[in-house]
1. So residue 33 clears everything in (1) aliphatic (A, V, I, L, M); (2) in contact with a Leu (Cβ under 6 Å, 6 or more places away or on another chain); (3) under 20 Å from residue 83 (Cα atoms) except one condition, right? Which one?
2. Note down all Cβ pairs under 8 Å where the first residue falls in the stretch 16-44 and is more than 27 Å from residue 4 (Cβ to Cβ), the second is open to solvent by 60 Å² or more (accessible area, probe 1.4 Å) and part of a strand (DSSP E or B), and they're at least six residues apart or on different chains.
3. Please specify each residue of the stretch 1-18 satisfying the condition of being open to solvent by 50 Å² or more (accessible area, probe 1.4 Å) and hydrophobic (A, V, I, L, M, F, W, C).
4. Select from the stretch 36-72 the residues that are assigned to a helix (DSSP H, G or I) and among the β-branched types (Val, Ile, Thr) and write down the one among them that is least open to solvent (accessible area, probe 1.4 Å).
Amino acid sequence: PLSGIKILLDPGHGGKESGASGPNGVLEKDVNLVVSKLLRDELVKRGATVVMTREEDKEVSLVERQEIINQQEPTIALSIHYNSLPDS
């Protein structure tokens, strides 16, 4: 059902930009990347073309993220973030 749809996923933070951290030290940047990869895999299974702003722990500036979005022209762009992370 998602054939022909391009979705851009933007896992927030990365590199030295860690974002929020949980009480046991889990970093938002890591959770954002894991969740984005899981979402990518599910979207691809459903026929979407998925572009990611990062696929590893590296810093991508806001300007670079905007340039990727403008270059790729996705149907939708989703930025993945968490405000706080409780550890289990």
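The values are calculated or read from the model by the stated rules, or taken from the named source; none is laboratory data. Since the model is a prediction, treat every value here as computed from it, not as a measurement. FYI the Cβ positions are ideal-geometry reconstructions off the backbone, even for glycines, and counts take in every protein chain you see. Side chains included, ligands, DNA and RNA excluded: accessible areas come from the protein's heavy atoms. Shrake-Rupley method; radii C 1.70, N 1.55, O 1.52, S 1.80 Å.
1. Of the numbered conditions (1) aliphatic (A, V, I, L, M); (2) in contact with a Leu (Cβ under 6 Å, 6 or more places away or on another chain); (3) under 20 Å from residue 83 (Cα atoms), the odd one out for residue 33 is (2).
2. Short answer, once both residue conditions are applied: 27/21; 28/21; 29/17.
3. Initial filter on the stretch 1-18 (open to solvent by 50 Å² or more (accessible area, probe 1.4 Å)): 1, 3-6, 16-17.
Of everything in the stretch 1-18, just one residue is open to solvent by 50 Å² or more (accessible area, probe 1.4 Å) and hydrophobic (A, V, I, L, M, F, W, C), namely 5.
4. If we take residues in the stretch 36-72 being assigned to a helix (DSSP H, G or I) and among the β-branched types (Val, Ile, Thr), then 68 is least open to solvent (accessible area, probe 1.4 Å).
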